[in-house]
């Protein structure tokens, strides 16, 4: 029930009373026999520093949906923690919260999480599967440093910032997928990711293919002119990608120069795609307005021709128009 009560170091099982709203720091620090923890549904914050740090026997934990904040070092050093269930409602995970959880194999961040702290999964050597959902904005410094089992990561379009050394030493990371554009990142973010082959941008590639299918073939020449700084476009696979090897090694200054070049030219590609999307959407919209005006002419003598002239603006075009109206 809290209230400053001392917890025996040999405790094996803990169940939180419904009255507990916050856990104090270091309460279960070093309880190496603690194997079972049941958190109550009224708990709002596990904010105390190192609450369960060093609980080497703890194997699983479920965070209630009422918890909005997991504090620093809360589960650090729980080397046998294999299963972590995070529920919608959680907003922030503090620095080093799951560092050195070597048995942890997968993590699914709810869409309500907008920030994960520095070194939050530091040296989680067994972590293979990471699901980051839309809503995440910031990935802290060294967040996945030393996650040597991680092979692929998909970054949501909502991500705005990735701290330096974010994926340092992820030696088996092969592919990074950005769901939208290329956020500003530090050149050290993917340092020593020796297996990293490429960064891909499926949404951007899909939009480019749609433009070409719509008949805007000259966009290909424009895009080719932008393909500098190592950016490549595979039309057959329908993807724009950056070969990774040349950007993840070398001196810091050289990596900085390379990433700056890539980011500049990638922005140029996105601008051209937006231009052609707007051009195509405007043309079809104008045809729709013209057709609507024809339908209003009462003395049109050939109703068959009128029916043949009708055009329905496709849903994706409507969405594109609304997107640029919002801008």
Within the stretch 204-220, residues being at pLDDT 80 or above and loosely packed, with under 14 Cβ neighbours inside 10 Å number 3
When the residues of the stretch 68-80 are filtered to those that are buried (at least 24 other Cβ atoms within 10 Å of the Cβ) and in contact with a strand residue (DSSP E or B) (Cβ under 9 Å, 6 or more places away or on another chain), which remaining residue is farthest from residue 95 (Cα to Cα)? 78
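Let's see how each residue does on (1) modelled with pLDDT of 90 or more; (2) in the same structural domain as residue 88 (by TED's automatic domain parsing); (3) exposed (fewer than 14 other Cβ atoms within 10 Å of the Cβ); (4) farther than 22 Å from residue 80 by Cα:
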{"position": "17", "(1), (2), (3), (4)": "no, yes, yes, yes"}
{"position": "20", "(1), (2), (3), (4)": "no, yes, no, yes"}
{"position": "23", "(1), (2), (3), (4)": "no, yes, no, no"}
{"position": "26", "(1), (2), (3), (4)": "no, yes, no, no"}
{"position": "29", "(1), (2), (3), (4)": "no, yes, no, no"}
{"position": "35", "(1), (2), (3), (4)": "yes, yes, no, no"}
{"position": "49", "(1), (2), (3), (4)": "no, yes, no, no"}
{"position": "56", "(1), (2), (3), (4)": "yes, yes, no, no"}
{"position": "63", "(1), (2), (3), (4)": "yes, yes, no, no"}
Here is a check on your reading of the model: is residue 83 within 25 Å of residue 140 (Cα to Cα), at pLDDT 95 or above, in the same structural domain as residue 136 (by TED's automatic domain parsing) and loosely packed, with under 14 Cβ neighbours inside 10 Å? yes
Those residues of the stretch 193-216 which are part of a helix (DSSP H, G or I) and either touching a helix residue (DSSP H, G or I) at 6+ places or on another chain (Cβ under 6 Å) or not assigned by TED's automatic domain parsing to the domain that holds residue 262 (or both) amount to 207, 208, 211
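Among 130, 113, 176, which is the only one that is part of a strand (DSSP E or B), within 15 Å of residue 93 (Cβ to Cβ) and assigned by TED's automatic domain parsing to the domain that holds residue 260?
Working: 113 fails: part of a strand (DSSP E or B); 176 fails: within 15 Å of residue 93 (Cβ to Cβ).
Just one listed residue meets the conditions, 130.
Right, residue 88: over 19 Å from residue 135 (Cβ atoms), in the same structural domain as residue 156 (by TED's automatic domain parsing) and exposed (fewer than 15 other Cβ atoms within 10 Å of the Cβ) or not?
Numbers: over 19 Å from residue 135 (Cβ atoms): no; in the same structural domain as residue 156 (by TED's automatic domain parsing): yes; exposed (fewer than 15 other Cβ atoms within 10 Å of the Cβ): yes.
No: the conditions fail for residue 88.
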Any hit, the stretch 221-243, residues being surrounded by fewer than 16 Cβ atoms within 10 Å (Cβ to Cβ), modelled with pLDDT of 75 or more, farther than 20 Å from residue 174 by Cα and out of contact with any helix residue (DSSP H, G or I) (no Cβ under 6 Å at 6 or more places or on another chain): yes
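So that you can scan it fast, the table gives a plain yes or no per residue for (1) touching a strand residue (DSSP E or B) at 6+ places or on another chain (Cβ under 7 Å); (2) modelled with pLDDT of 95 or more:
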{"site": "106", "(1), (2)": "yes, yes"}
{"site": "112", "(1), (2)": "yes, yes"}
{"site": "122", "(1), (2)": "no, yes"}
{"site": "147", "(1), (2)": "no, yes"}
{"site": "150", "(1), (2)": "yes, yes"}
{"site": "163", "(1), (2)": "yes, no"}
{"site": "174", "(1), (2)": "yes, no"}
{"site": "178", "(1), (2)": "yes, no"}
{"site": "181", "(1), (2)": "no, no"}
Filter pass, residue 104 being within 24 Å of residue 142 (Cβ to Cβ), out of contact with any helix residue (DSSP H, G or I) (no Cβ under 7 Å at 6 or more places or on another chain), without any contact (Cβ under 8 Å) to a residue 24 or more places away in the chain and surrounded by 15 or more Cβ atoms within 10 Å (Cβ to Cβ): yes
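The values are calculated or read from the model by the stated rules, or taken from the named source; none is laboratory data. Bear in mind the structure is a predicted one, so any value in this text is a computation, not a measurement. Neighbour counts are summed over all protein chains in view; Cβ atoms, including those assigned to glycine, are modelled from backbone coordinates with ideal geometry.
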